[in-house]
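Working notes for the structure below.
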Amino acid sequence: MAAGMYLEHYLDSIENLPFELQRNFNLMRDLDQRTEDLKGQIDSLAKDYTANARTLSSEQKLSILRQIQQSYSKCKEFGDDKVQLAMQTYEMVDKHIRRLDTDLARFEADLKEKQIESTDYDSTSSDSRQKEKKMAKTRSKVKSSDEDGSPKSAQKKVKLLQPGEFNSPSSNFGNVHPSDVLDMPVDPNEPTYCLCHQVSYGEMIGCDNTDCSIEWFHFACVGLTTKPRGKWYCPRCSQDRKRK
């Protein structure tokens with residue numbers, strides 16, 4: 001896939017991101033304003049209660065205290081809603097970052113593959129040009145020998161036409177290991193995960209078994225395309241749970 005194609009797909013995926021972020025930020029701002037209004041009501045009720053505590057009846061005191069408690073409960077609900085919006089906003093941005101990391105890894109692999117193919121093509125073209133030059137030079141010498149017609153020239157002609165005179169193409173031509181195509185530059189100190197024992201990249205999922213020896217897995221390695229609902233166990237832990 002060309003670089004322009006990667007960029008075009010990624011820009012399409014984040015086209016609505018600014019609007020979604022703006023909507024979440026506006027909702028959080030609205031929750032903040034409503035919380036501040038409730039806090040003002042609580043302060044006003046608290047001042048009335050302390051100022052008129054001696055003249056208020058028991059029922060009036062209980063009524064004011066209930067209003068204050070309800071206002072505090074509402075403030076807590078607004079705070080929980082704001083936390084949920086913040087987490088949703090973070091996941092929204094993080095999802096696009098993970099996709100960008102995955103696309104970059106694929107793009108680098110494609111570039112490396114094209115570089116290897118270009119190197120092989122250049123090597124083939126160079127060998128072909130050298131072989132053509134040698135054959136043209138040999139034909140020129142053979143033609144000169146035919147025109148001469150002397151025994152010495154005839155012997156030279158036979159020598160020039162001996163088999164094995166020309167060098168065969170290099171045995172290393174096209175000798176590229178398949179794993180070299182997908183090799184990525186990796187920090188040797190970076191930890192590895194998953195069944196493939198590779199570093200962290202793209203979308204990953206954690207095993208819900210606290211004793212899992214691997215813990216984190218790439219979506220593709222465990223056959224996932226989306227995050228499953230509820231608890232999820234890796235293939236090894238699932239087998240162990242079935243045995244028990």
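The values are calculated or read from the model by the stated rules, or taken from the named source; none is laboratory data. No experiment lies behind these values; they were computed from the predicted model shown. Cβ atoms come from the backbone with ideal geometry, glycine included; neighbour counts cover every protein chain shown. For accessibility, only protein heavy atoms count, side chains too; no ligands or nucleic acids. Shrake-Rupley method; radii C 1.70, N 1.55, O 1.52, S 1.80 Å.
Are there any pairs, at least 6 apart or on different chains, whose C-beta atoms fall under 9 Å, with the first in region 33-51 and in contact (Cβ under 8 Å) with a residue 12 or more places away in the chain and of a type outside the set (Phe, Trp, Tyr) and the second in a helix (DSSP H, G or I) and open to solvent by 100 Å² or more (accessible area, probe 1.4 Å), and if so, which?
LEU38/TYR72; ILE42/TYR72
Return the residues of region 195-220 that are over 21 Å from the mean Cα position of the chain (by Cα) and among the small types (Gly, Ala, Ser); say none if nothing qualifies.
Going residue by residue through region 195-220, those that are over 21 Å from the mean Cα position of the chain (by Cα) are 208-213.
Scanning region 195-220 gives a single hit, SER213.
Considering only residues that are of a type in the set (Val, Ile, Thr), more than 29 Å from THR89 (Cα to Cα) and open to solvent by less than 90 Å² (accessible area, probe 1.4 Å), which ones fall in region 29-78?
So the first thing to find is which residues in region 29-78 are of a type in the set (Val, Ile, Thr), and the list is 35, 42, 50, 55, 64, 68.
Restricting the remaining residues to those that are more than 29 Å from THR89 (Cα to Cα) gives 42, 50, 55, 64, 68.
Result: ILE42, ILE64, ILE68.
Is it the case, given these coordinates, that GLN88 is in contact (Cβ under 8 Å) with a residue 40 or more places away in the chain, more than 19 Å from the chain's Cα centre (by Cα), under 28 Å from MET204 (Cβ atoms) and open to solvent by 40 Å² or more (accessible area, probe 1.4 Å)?
Working: in contact (Cβ under 8 Å) with a residue 40 or more places away in the chain: yes; more than 19 Å from the chain's Cα centre (by Cα): yes; under 28 Å from MET204 (Cβ atoms): yes; open to solvent by 40 Å² or more (accessible area, probe 1.4 Å): yes.
So GLN88 passes the test.
Quick check on my filter: what residues within region 221-243 are under 15 Å from the mean Cα position of the chain (by Cα) and surrounded by 14 or more Cβ atoms within 10 Å (Cβ to Cβ)?
Within region 221-243, CYS221, LEU224 qualify.
From the list ILE116, ILE68, pick out the single residue that is at pLDDT below 85 and among the hydrophobic types (A, V, I, L, M, F, W, C).
Working: ILE68 fails: at pLDDT below 85.
Within the list ILE116, ILE68, the selection yields ILE116.
Please specify each residue of region 1-19 satisfying the condition of being of a type outside the set (A, V, I, L, M, F, W, C) and open to solvent by less than 70 Å² (accessible area, probe 1.4 Å). Give the steps one after another, and end with the answer.
We begin by selecting, within region 1-19, every residue of a type outside the set (A, V, I, L, M, F, W, C); these are 4, 6, 8-10, 12-13, 15-16, 18.
Result: GLY4, TYR6, TYR10, SER13.
Let me spell it out: the conditions are (1) surrounded by 11 or more Cβ atoms within 10 Å (Cβ to Cβ); (2) more than 30 Å from GLU203 (Cβ to Cβ), and LYS82 meets all of them except one. Which number is the exception?
(2)
Kindly list, by first and then second residue, each pair from a residue in region 6-32 that is over 18 Å from ILE97 (Cβ atoms) to a residue that is β-branched (Val, Ile, Thr), limited to pairs with Cβ atoms under 9 Å and residues at least 6 apart or on different chains.
Close Cβ pairs satisfying both conditions: PHE25/THR89; MET28/THR89.
Taking region 184-208, which residues are part of a loop (DSSP other than H, G, I, E, B) and open to solvent by less than 50 Å² (accessible area, probe 1.4 Å)?
CYS194, CYS196, VAL199, GLY202, CYS207
Within the bounds of region 87-102, is there any residue that is outside any loop (DSSP other than H, G, I, E, B), of a type in the set (Val, Ile, Thr) and in contact with a Gly (Cβ under 7 Å, 6 or more places away or on another chain)? Outline the logic, then answer.
So the first thing to find is which residues in region 87-102 are outside any loop (DSSP other than H, G, I, E, B), and the list is 87-102.
Subsequent filtering for residues that are of a type in the set (Val, Ile, Thr) retains 89, 93, 97, 102.
Narrowing further to those that are in contact with a Gly (Cβ under 7 Å, 6 or more places away or on another chain): 102.
Within region 87-102, one or more residues are outside any loop (DSSP other than H, G, I, E, B), of a type in the set (Val, Ile, Thr) and in contact with a Gly (Cβ under 7 Å, 6 or more places away or on another chain).
Does region 227-243 hold any residues that are in contact with a Phe, Trp or Tyr (Cβ under 8 Å, 6 or more places away or on another chain) and either over 19 Å from SER200 (Cβ atoms) or in a helix (DSSP H, G or I) (or both), and which are they?
Let us first name the residues in region 227-243 that are in contact with a Phe, Trp or Tyr (Cβ under 8 Å, 6 or more places away or on another chain), namely 234, 241.
The one that is in contact with a Phe, Trp or Tyr (Cβ under 8 Å, 6 or more places away or on another chain) and either over 19 Å from SER200 (Cβ atoms) or in a helix (DSSP H, G or I) (or both): ARG241.
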